[in-house]
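First the structure, in the form of structure tokens, and then the observations on it.
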Amino acid sequence: MTRNGNHRILLSEDRIPKAWYNIAADSPVAFPPVLHPGTGKPIGPDDLAPLFPMSLIAQEVSTEPWIEIPEPVREVYRLWRPTPLYRALRLEEALDTPAHIYYKYEGVSPPGSHKPNTAVAQAFFNKAEGVKRITTETGAGQWGSALSFGCNLFGIECKVYMVKISYLQKPYRRSMMNAWGATVVPSPSPETRAGRSILAQDPDSPGSLGIAISEAVEVAATHEDTKYSLGSVLNHVLLHQTIIGLEALEQMEIAGEYPDVVVGCVGGGSNFAGLAYPFLREKFINGRNTRFLAVEPAACPTLTRGPYAYDFGDTAKLTPLVKMYTLGHMFVPAGIHAGGLRYHGMAPSISAFYHAGYIEAVAYRQLQVFEAALQFASAEGIIVAPESAHAVRAVIDEALAAKEAGEKRVILFNLSGHGHFDMGAYDAYLSGALENYEHPQEKIEESLKHLPRVE
Ligand SMILES: *Cc1c(COP(=O)(O)O)cnc(C)c1O
């Protein structure tokens, strides 16, 4: 194979898309309504108004195909977008595969992941409606740091409830949030009713995303000048991330290829959807025959082992009921290192597409994931986030399957972030201290007993 120097495909600044793509406009499957937790009836925009600015609520329920990206948001995007698309020639060579592997690298943003694509947009829309402060939760700290970055740029206060185990394990993500001016509180905290009630039952609770969401939502719902922000799962978050796939469509065209399979890791589903939805549009509208593969950890197997059911987004049952694949809002995952993939639920649109068979899913255990991450680092140089390493694992397996079948398969994946703050996890793997963990069936069944009864 010859390397002719064009294995990094760049777009110029003026190619940053001018609109996000809204899959609701073209979806052949209907998305089930979001229900009010008290009445069980479909919610309206007013029910969400205490938590989100009206512009984001409008995006949440919109069926318009294209939603304009405001110029001040594009102006910030220019700091790191368009992001590069790489052809992983050295990895192909190492695997001796006829597959062509491409990756869209989102680790070039200042916080180091795809998350600022929505954080910057959310900060902008909140600022435009006069919001003074935003609360949120964070697991491993990537979302908290992305929102701190966005809020800092638009002059809004940011308060982050950080899952306690990560707060203790990842002090530098916390420092990063502080550097961008945010306040960070370990969750569960004594500051909120939700936090106090968890602490009363279990003073040593390691926390979970579900608990941290309860705290952040409670503070926003009880303060006039404060709104809440979520880094994944919701329609408007996935919408903002479609900038990834829109750029990638253009870059693949420059490469002269089209993906046979699109791969991404899934926590709440935003980076996967961000890359996949513009290509899924091509399938819906132009009949393109692409497979879509969502990759999750065996320690939090939402799509592969959860039911498709209405559930709360948080532990304290403050959020509306959403129909999604879920492990139950009481789910407390093991402390695996891919903190960003530990959420109990999944974006409702991804859930609907998976249910209808448009998306496939696979779950991997930690050791095989880190093995793939090191193989990737050795071939391509980039040390990927443990979350992204799940996608890398699946891509390597796809490439090996293509070799087995003797077929040229074009694989495109989202490299959602770098792993520079996760070297502790790499250390654990390299020293042999990292163990496989599969969530036990009894624990899943126990947690699912608490699913709300709907219908
Ligand atoms: C947060 C995060 C994820 C998981 O979140 P999604 O909403 O599923 O994308 C994946 N990769 C990285 C690097 C992250 O920071």
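The values are calculated or read from the model by the stated rules, or taken from the named source; none is laboratory data. No experiment lies behind these values; they were computed from the predicted model shown. Glycine also receives a Cβ, built like all others from the backbone with ideal geometry; neighbour counts cover every protein chain displayed. Ligands, DNA and RNA are stripped out before the accessible areas are found, and what is left, the full protein with its side chains, is counted by its heavy atoms. Shrake-Rupley method; radii C 1.70, N 1.55, O 1.52, S 1.80 Å.
Modelled label positions at Ile43 and Ala200, each set 7 Å beyond Cα in the direction of Cβ, lie 2.5 nm from each other.
In this Cβ point-charge picture (+1 for Lys and Arg, -1 for Asp and Glu), the range 116-230 has a dipole of about 260 debye about its Cα centre. Using only Cα atoms, find the angle between the long axis of helix 366-380 and the longest principal axis of the chain, and express it within 0 to 90 degrees, rounded to the nearest 10. Between helix and principal axis, roughly 50 degrees. Please compute the modelled spin-label separation between Tyr308 and Ile444, points set 7 Å along Cα→Cβ, answer in nm with one decimal. Distance between the two pseudo-spin positions: 1.6 nm. Short-range pairs are left out: with C-alpha atoms under 8 Å and at least six residues apart, the relative contact order of the range 116-230 is 31 percent.
Between the alpha-carbon centres of the range 74-124 and the range 273-287 there is a gap of 18 Å. For the chain, the Cα gyration tensor yields ellipsoid semi-axes of 32, 25, 22 Å (square root of five times each eigenvalue, largest first, whole Å).
Directionally averaged projected area (the range 116-230, Cα convex hull): 6.2 nm². Computed over the chain, relative contact order equals 19 percent, with contacts defined as Cα pairs under 8 Å that lie 6+ residues apart.
Extension gain, Ser175 to Leu400: 0.36 nm times the residue separation minus the Cα-Cα distance gives 77.0 nm. Here's the picture: charge each Lys and Arg Cβ at +1 and each Asp and Glu Cβ at -1 in the chain, and of Ser270, Val395, Ile67 the one pushed furthest to the positive end of that dipole is Ile67.
Positive end of the dipole of the chain (Cβ unit charges, origin at the Cα centre): among Gly195, Thr97, Gly357, the Cα lying farthest that way belongs to Gly195. Each Lys and Arg adds +1 at its Cβ and each Asp and Glu adds -1 at its Cβ; summed about the Cα centre, the chain shows a dipole of about 340 debye.
For the residue pair Ala377 and Ala30, what label-to-label distance in nm results when each label sits 7 Å from Cα along the Cα-to-beta-carbon direction? Those two pseudo-labels are separated by 5.0 nm. Within the accessible surface of the chain, defined with a 1.4 Å probe on protein heavy atoms only, the carbon and sulfur portion equals 51 percent. Accessible area per residue for the range 264-402 is 26 Å², calculated with a 1.4 Å probe on protein heavy atoms, without ligands, DNA or RNA. Near Tyr310, the amide H atoms lying under 5 Å from its own belong to Met324; only residues 5 or more places off or on other chains count, and H is placed 1.01 Å from N.
Using Cα centres only, tell me the gap between the range 31-50 and the range 221-243 in whole Å. Taking the Cα centre of each part, the range 31-50 and the range 221-243 sit 16 Å apart.
Estimated at 0.36 nm per residue, the fully extended path between Asn289 and Leu430 surpasses their Cα-Cα distance by 46.8 nm.
Share of pairwise Cα-Cα distances greater than 14 Å in the range 257-319 is 66 percent (whole percent). Tell me the mean residue ellipticity at 222 nm calculated for the chain from its helices only (DSSP H runs of n ≥ 4, each -39500 (n - 2.57), averaged over every residue, nearest 500). Helix contribution divided over all residues of the chain: -12500 deg cm²/dmol. May I ask for the distance between the Cα centers of the range 378-449 and the range 250-269, given as a whole number of Å? Each part reduced to its Cα centre gives a spacing of 17 Å. Only Lys, Arg, Asp and Glu carry charge here, each on its Cβ (+1 for the first two, -1 for the last two); on that basis the range 171-271 has a dipole of about 440 debye about its Cα centre. Full extension of the chain segment joining Leu367 with Glu71 gains 102.2 nm, where the gain is 0.36 nm per residue of separation less the Cα-Cα distance. Helix 142-154 axis versus longest C-alpha principal axis of the chain: approximately 80°, rounded to the nearest ten. Summing charges over neighbours of Asn117, with a neighbour being any other residue whose Cβ is under 9 Å away from its Cβ, gives +1 when K and R count +1 and D and E count -1. A Förster radius of 22 Å, combined with the Cβ-Cβ distance separating Glu257 from Ser12, puts the computed FRET efficiency at roughly 0.60. Report the relative contact order of the range 162-312, percent, no decimals, based on alpha-carbon pairs under 8 angstrom and at least 6 residues apart. So the answer I get is 16 percent. Principal-axis analysis of the Cα atoms of the chain puts helix 270-286 at an angle of about 60° to the longest axis. Near His450: Cβ cut-off under 14 Å, other residues only, Lys/Arg at +1 and Asp/Glu at -1. The net charge is 0. For the range 294-394, the equivalent ellipsoid derived from the alpha-carbon gyration tensor has semi-axes of 27, 15, 10 Å in decreasing order.
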